[in-house]
Each structure stands twice: as C-alpha cells, then as structure tokens.
1. Rounded, prolate or oblate, given the Cα gyration tensor of the range 8-153, with a/c below 1.5 counting as rounded?
2. Given the range 191-364, report the % of alpha carbon pairs whose separation exceeds 29 Å.
3. Grab the beta carbon distance between Phe136 and Ile76, set R0 = 22 Å, and tell me the FRET efficiency rounded to 0.05.
4. With semi-axes √(5λ) of the Cα gyration tensor in Å defined as stated, name the option among (i) 38, 23, 19; (ii) 43, 30, 18; (iii) 39, 26, 21 computed from the structure displayed.
5. Between helix 350-364 and the chain, what is the angle of the helix's C-alpha long axis to the longest principal axis, kept within 0 to 90° and rounded to the nearest 10?
6. Where does each of Trp369, Trp108 land when they are ranked from fewest to most other beta-carbon atoms within 10 angstrom?
7. Quick check: the distance between the Cα centres of the range 128-177 and the range 240-293, to the nearest angstrom?
8. Angle, helix 222-236 long axis vs. longest principal axis of the chain, Cα atoms, 0 to 90°, nearest 10?
Amino acid sequence: MSGDPNQFRIGISTSVIQRGKTGVAQYLFALLRAFLPYAAENHFVLFVLREDLPLFDFVRGKMQIFPVSERHRSPIKNIVWHQTHLPQLARDLQLDVLHVPSYRRMLWSHPCPVVATIHDLAPFRVPKKYSAARMFYGRVVARCLAHRQNAIIAISENTARDVSEFFKIPDERIRVIHNGLEHNRFFPGDHEQARKEAAERHNLRAPFFLYVARLEHPGKNHVRLISAFNKFKSASRSNWQLVFGGSDWHGAEAIHAAARQSPFASDIRLLGFVPDYDLPNLYRAADAFVYPSLYEGFGMPPVEAMACGCPVICSNRGSLAEVVGNAAAIVDPEDICCIARQLTAVANDAELRAHLQATGFIQAGKFDWNRTAAETLSLYNAVAQTAENFSPLRQRPSLT
C-alpha cells in the first residue's frame, strides 16, 4: 500500500457492523470490495474495532487499517468515540473526506468534509422498532447530526424522501446511490445440486420458503409470516417448510415463541446467521424467497434471491416496491391472509414461479456494486472540492 501524501485520503468508520452480522455490514463489505480497484490511486483508512480485524483481511495490503480498542465497542462508548477520538484521528491523518456509513454515528464536529449513509429512517415509520432510547436517538439526536454532514447518501429514493421529510435536509445535500449487487457471488445455479448441499449442510430435504433477515420483532414481521405459514399448511397439507436465516436481535424471543407454538413447528427451521459463503447456495436451493418486512430502506436479500434464480414474494413497504419493481409477488405485510394466499399461489403454480424467476433475474441486473462504488467516490471528490462553501453552523435544525 502506497503512502503517497498526494493521494486522495478517504477515512471510513466501520464500527457499526455488529461483528459482520447486519445489513450495514454487508453494505460496507460490498462497497469496500468494489473500492479495491481504486486503492492504488486513493489512500483508504479504515477504523476497525480490534475483534473485527479478521473480517477485513480481504483489504489487507491495499487499504490502511487503523485498529480501535474494544473498550469503544458498546453503543454509548462507541458514540462517544465517534464524537471525540475520531475527529482528532481524522485531523492527525489529514483525511480529505470521512465517511460514516450509518446515521447512528454521524459526527458533530468537522475535522474534514464528512459524508454519512442513511439506510432508512425506520424509527419514524415503525412504532416500537427499537428501545425507547434508540428511538429517541434516531428521531431527535440523529436529526441534529444530519444537518452537520456535508452530504448524505440515501440508498433509495424512498429513503431520500424520508430524509427530506423528517430531517428537513435540503435536497442538494442528499445523493441517492442505490445499493448494488455482487454478480460474481449471486447468480443462478443448479437447483438440484444446491438442494443436495442444503440437505447435507442444514438437513433441508423438503421444498421450502426462505426468509433471510435478522430475527427482529416486530420490524421484520416474522410472527405474521409464521401465522400465514400456519394457514398455508392447514389448507394445503403440503410438505413445504419455512426457513429463517438470521441472528437473534431485538424482540427475537417473540419469534422463537411463535415458531415453538406453531402446530407445524417441525416444519419451521431457524438456521441462525448464514455466513457469506453459504448464502448464495441457500438462495439457489430455496423454492421461493419471502420477504414480508414492515419497512426497509432498500432490502438487499430480495434482489440477491432474484439474482440466484429464486422466485420472490415481497412486501411493498418502504423502498421494497421501488427495489423489486414488478418482479415479485407482492403482499400487504400486515394482512396474514394475503401472505398466506401468495404462499399458496407460488407453491402450487410452477408457471408463476418460472415467471417470477425470469422477471426477477432481469430486475436484479439493474443493481451493481461497481456502479455504486464509482458514484460514491464521485461524491467524495465533489464534497472535498466544495466543502469550503458549506457552514454547518448555519444549518442547525429547529426541533419544532
């Protein structure tokens, strides 16, 4: 890795990845992989919590990794670190721009031009999605911090509208840069071979609906999906299974309880976190992918499933209608009967599944991390060049 002082110096905070098991983590890892071809002409500095260092082995030798003590991992201590230690590090390292890929860690001070990614504003859209403290932070504190950023990346048009509406950020400071897709990882494969591997690895030997999302209640809507699956099974008497891939999160106990209490509990499988190497094959093995989330700022799993040739059933909330277009079987996520009807339709109609596969593959082709990376780097450069014209002190929001 070059230490050329004339290189454009880009700092990226990574401590919001929750040990690599969240959507923000997948966003960050994919973006960094797409940045690698640009590492010779730009100097990237990644601020990484020590126990997360192995997760960044793929950039070693090409990007500078700045280890951060584990004592700064807990949410409150990590927020304090971002507001105190990180600004000084940015000054010491003479960064040209600093990117924080989550609204939860946006900076107040301006050690250099700062960019933040806002994935969604779910605290404004989903009641009780988080604890009271996190809801307050998302609704009030983050709103103040957002006005201190030189630019905000919104990962969908829907998120951009929310940032404008709820945070009152001027449109010229919001840049829509859609999430991408790693087409070298997510692509169609042999369904039967994938089924064999899923049987060996996860003991999945019957047709199954797959849902990949952290086990979060109520936001990800697992409990209603279980109720809809119960209706589907009662009516069809089929051998289809419902498979959840994702780590336990806020409210996971309600999901586990609903699965245990189901009359079809033996056909509901909880795999836990699905590692990157296993995920594409699991999409290929699934007979259908279902994503009934109550709200998403983007929603990468439906697009990943489409790219792997898996027919998709999807909610139309938040950005999901924008992202899946006309390539999914759409459900009202709060209507259990509607979800059950679509489960039945997709399970029973091979022609419908084939149609969803074909249209889904075309839709997935619209997203690419290489384009996302190029647009993000373009924004970094634009922000660095125009930063002297931006005064955050004149941009303090009213809390009324």
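1. Details: a/c = 1.65, a/b = 1.44, b/c = 1.14.
It comes out prolate by the Cα gyration axes.
2. On the way: 1306 of 15051 pairs.
The answer is 9 percent, as a whole percent.
3. For R0 = 22 Å, the calculated efficiency reads 0.95.
4. (i)
5. 10 degrees
6. Values: Trp369 24, Trp108 14.
Final ranking by Cβ density, sparse to dense: Trp108, Trp369.
7. Result: 30 Å between the Cα centres.
8. Approximately 20 degrees, to the nearest ten.
Just so you know, all these numbers are worked out from the coordinates, no wet-lab data involved. Computed from a predicted model, the values in this text were never measured in an experiment. Please note: Cβ atoms are built from the backbone with ideal geometry, for glycine as well, and neighbour counts cover all protein chains shown.
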